[in-house]
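Visitor: One structure follows; several queries about it will come next.
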Amino acid sequence: MVTTSRSGTAVAVDDDTAAVGAVDDAGRMVGDRGTALVPSVLSDRLEAHPDALRAFRSARHRFIDGDRIDMSRLATELGVDRTSLFRWVGNRDQLLSEVLWSLAVPTLDGADRAVDALGPARIIGVLSHFVADLIDASYFRVFLMREPSRALRLLTTTDSDVQRRFIAVVTALIDDEVVAGRFDPAPLSTHELASLLVRISESFTYADLISGEPPSADRARAAFEYILRPTTTSTTTTTTTAA
């Protein structure tokens, strides 16, 4: 399945290779960095165990089709018992988290390709496109509406692999611009700034679940621009006259 995001980028949301397969750091796309920097037991298993990968792909296709990932149904579809399935992919939350991140990877990559800017403008652009694409992804919104409590727990808590990977990706984006001399996040560290930007992203992407307000990519962009706006330092010259 290929969908066109709001940013105009074609995103292959059922590319079975999106969540697996090592790429060296020099050639790694922005989304791939998350799994590399924050691996999980399941992400490691997907690279080594064909059965785990087969179960993961089946669950991923179900999710994209808007279906609930049911472990009993998935085990039946694969022709195994639940014990085998849990041994392959862990529990339902672990599987859902890996599916969610695997779909974030091509979305982040598409957002980065859509941005022709450097410095803070690149960070703003990538995050703004990403928020817009999440808001527009119908299968993702179906999941949020069907399981709001679980969705927020898997996507926005500090124990979440998804959030920790998202923060790692944004930290890497900021680091890119710092190393190139195009941005200075001081007085915050790159990780602290990334955590703040991710929280802003979550606030506007999941606004309907958090506060009952409509999600808004435009408001998210305005917030990113405010946080990353250029700072100016006014120098005041004081002339002292000797009496």
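Visitor: Return the residues of segment 81-105 that are β-branched (Val, Ile, Thr) and touching a helix residue (DSSP H, G or I) at 6+ places or on another chain (Cβ under 8 Å); say none if nothing qualifies. Full working, then the answer.
Guide: From segment 81-105, those β-branched (Val, Ile, Thr) are 83, 89, 99, 105; that's our starting set.
Within segment 81-105, 89, 99, 105 meet the criteria.
Visitor: Looking at (1) over 21 Å from residue 34 (Cα atoms); (2) touching a Lys or Arg at 6+ places or on another chain (Cβ under 7 Å), find the lone condition where residue 169 falls short.
Guide: (1)
Visitor: If only one of 53, 108, 134 is open to solvent by less than 20 Å² (accessible area, probe 1.4 Å) and in a helix (DSSP H, G or I), which one is it? Steps first, please.
Guide: Working: 53 fails: open to solvent by less than 20 Å² (accessible area, probe 1.4 Å); 134 fails: open to solvent by less than 20 Å² (accessible area, probe 1.4 Å).
Selected residue: 108, the only one of 53, 108, 134 that is open to solvent by less than 20 Å² (accessible area, probe 1.4 Å) and in a helix (DSSP H, G or I).
Visitor: So which residues in segment 206-232 are over 16 Å from residue 146 (Cα atoms) and β-branched (Val, Ile, Thr)? Walk me through how you get there before you give the answer.
Guide: Just the residues of segment 206-232 that are over 16 Å from residue 146 (Cα atoms), to begin with: 211, 213-232.
Selection gives 227, 231, 232.
Visitor: Right, next: Taking the condition closer than 19 Å to residue 40 by Cβ and surrounded by 16 or more Cβ atoms within 10 Å (Cβ to Cβ), does residue 124 pass? Break it down stepwise before answering.
Guide: Values: closer than 19 Å to residue 40 by Cβ: no; surrounded by 16 or more Cβ atoms within 10 Å (Cβ to Cβ): yes.
The answer is no for residue 124.
Visitor: Just checking, how many residues over segment 30-47 are in a helix (DSSP H, G or I) and open to solvent by less than 70 Å² (accessible area, probe 1.4 Å)?
Guide: Step one: of segment 30-47, the residues in a helix (DSSP H, G or I) are 32-37, 41-47.
If we keep only those that are open to solvent by less than 70 Å² (accessible area, probe 1.4 Å) too, we end up with 32-36, 42-43, 45-46.
Summing the residues that are in a helix (DSSP H, G or I) and open to solvent by less than 70 Å² (accessible area, probe 1.4 Å) in segment 30-47 gives 9.
Visitor: Please find, among 167, 124, 135, the residue that is touching a Pro at 6+ places or on another chain (Cβ under 7 Å) and modelled with pLDDT of 95 or more. Walk me through how you get there before you give the answer.
Guide: Numbers: 167 fails: touching a Pro at 6+ places or on another chain (Cβ under 7 Å); 124 fails: touching a Pro at 6+ places or on another chain (Cβ under 7 Å).
It is 135.
Visitor: Further, regarding this structure: I'd like to verify a number: residues in segment 140-166 that are open to solvent by 10 Å² or more (accessible area, probe 1.4 Å), in contact with a helix residue (DSSP H, G or I) (Cβ under 7 Å, 6 or more places away or on another chain) and of a type in the set (D, E, K, R), how many?
Guide: Counting residues in segment 140-166 that are open to solvent by 10 Å² or more (accessible area, probe 1.4 Å), in contact with a helix residue (DSSP H, G or I) (Cβ under 7 Å, 6 or more places away or on another chain) and of a type in the set (D, E, K, R) gives 1.
Visitor: Let me ask something else. Checking the structure you have, find out if any residue of segment 121-139 is touching a Leu at 6+ places or on another chain (Cβ under 9 Å) and over 21 Å from residue 101 (Cα atoms).
Guide: yes
Visitor: For residues that are among the acidic types (Asp, Glu) and not in a helix (DSSP H, G or I), scanning just segment 69-102, find the one that is nearest to residue 152 (Cα to Cα). Write out each step before concluding.
Guide: At the first step, the residues of segment 69-102 found to be among the acidic types (Asp, Glu) are 70, 77, 81, 93, 98.
Add one more test, that the residue is not in a helix (DSSP H, G or I), and what stays is 70, 81.
Details: 70: 19, 81: 29 Å.
Ranking the candidates gives 70 first.
Visitor: Taking segment 174-213 on its own, how many of its residues are in a helix (DSSP H, G or I) and either open to solvent by 20 Å² or more (accessible area, probe 1.4 Å) or among the small types (Gly, Ala, Ser) (or both)?
Guide: Quick first cut of segment 174-213, residues in a helix (DSSP H, G or I) only: 174-179, 190-205, 207-210.
Those left that are additionally either open to solvent by 20 Å² or more (accessible area, probe 1.4 Å) or among the small types (Gly, Ala, Ser) (or both): 175-176, 178-179, 190-192, 194-196, 199-201, 203-204, 207-210.
Counting residues in segment 174-213 that are in a helix (DSSP H, G or I) and either open to solvent by 20 Å² or more (accessible area, probe 1.4 Å) or among the small types (Gly, Ala, Ser) (or both) gives 19.
The values are calculated or read from the model by the stated rules, or taken from the named source; none is laboratory data. Predicted model only: the values in this text are computed from it and were never measured. Here Cβ is always computed from backbone atoms with ideal geometry, including for glycine, and neighbour counts include all displayed protein chains. All accessible areas refer to the heavy atoms of the entire protein, side chains included, with ligands and DNA or RNA removed. Shrake-Rupley method; radii C 1.70, N 1.55, O 1.52, S 1.80 Å.
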